[in-house]
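Every number in this text was worked out from the coordinates using simple rules, so none of it is lab data. As the structure is a computational prediction, the values presented were derived from the model and not from experiment. All Cβ positions, glycine included, derive from the backbone under ideal geometry; neighbour counts span all protein chains shown.
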Amino acid sequence: MANETKGLTLVFTGNGKGKTTAALGMSLRAWGQDMKVLILQFIKGGWKYGELKAAEKLGPNYEMRQMGEGFIKGSGDDGLEAHRAAAQKALEEARNAVLDGRHDLVVLDEINYAVHYGLVDLADVLEIIRSKPPVLHLVLTGRNVAPEVVELADLVTEMKEIKHPYAAGISAQKGIEF
């Protein structure tokens, strides 16, 4: 029983920094165990984040796809429509990835934001969680996780901000935020 594989649903949420970073750390650990990893980023897009460069070097068993249009703050209705279309495409990719059996770990990065901003329906996310194969590990990140997702998850970790350099006027730093 100790060696039995049980695919877990894990959630990293909260207003503190480290949600994506925790998911990336877990994905790197899985890759190191010869597991096939897919990371779908629901919001990030356009920037060349450090993790994208690293993922390219890890080879075919570690895939990361930026599916979003970038961060949402300040987007008007027109901007939200582009975000919504990108998030819907990412949701379809997520659904396929969860069901196709080609991966051992799938990370839906910032999907909780996508739900919170109305870019994807909570019902669709719940359906993906419920339909995952018993051996697949599924990770969901982002602030404002829905209580229904928490209920289905096996592990939920909340990152709590205590102090952040942005509050002191320090901008995002290479290698730390991107």
Q) To the nearest 10 degrees, how steeply does helix 122-131 sit against the main Cα axis of the chain, on a 0 to 90 scale? A) 20 degrees
Q) At residue 166 and residue 100, where each label point lies 7 Å from the Cα along Cα→Cβ, what is the point-to-point distance in nanometres? A) 3.3 nm
(Q) Among 144-154, 81-91, how do they line up by average Cβ neighbours within 10 Å per residue, starting with the highest? (A) 81-91, 144-154
Q) Helix 77-100 versus the longest principal axis of the chain: what angle, 0 to 90°, nearest 10, using Cα atoms? A) 10 degrees
Q.
At a threshold of 8 angstrom on Cα-Cα distance, excluding pairs fewer than six apart, so keeping six or more, what relative contact order does the chain reach in percent?
A. 36 percent
Q.
Given the DSSP H assignment, sum -39500 (n - 2.57) over each helix run of at least 4 residues in the chain and divide by its residue total; what's the result at 222 nm in deg cm²/dmol, nearest 500?
A. -12000 deg cm²/dmol
Q: Answer with a single label: of [x] 17.9, 54; [y] 15.9, 53; [z] 16.7, 53, which was calculated as Rg and Dmax of the Cα atoms in Å from the structure in view?
A: [y]
Q: Would you mind checking 19/160; 6/132; 19/132; 36/57; 17/53; 17/174 for any pair whose Cα atoms are more than 18 angstrom apart?
A: 19/132; 17/53
(Q) About the Cα centre, and with charges only on the beta carbon of Lys, Arg (+1) and Asp, Glu (-1), how big is the dipole of the chain? Nearest 20 debye, please. (A) 640 debye
Q: Any chance you could give the angle, 0 to 90 degrees and rounded to 10, that helix 19-32 forms with the longest Cα principal axis of the chain?
A: 30 degrees
Q.
Around residue 45, under 13 Å between beta carbons, what's the net of Lys plus Arg minus Asp minus Glu among the other residues?
A. +1
Q. Once you list every other residue whose beta carbon is under 12 Å from the beta carbon of residue 133, what net charge do they have if Lys and Arg are +1 and Asp and Glu are -1?
A. +2
Q: Calculate the all-directions average of the projected area of segment 1-67's alpha-carbon convex hull, and give it in nm².
A: 5.6 nm²
(Q) Test of understanding: ordering 39, 170, 162, 111 by Cβ neighbours within 10 Å, fewest first, what list do you get? (A) 162, 170, 39, 111
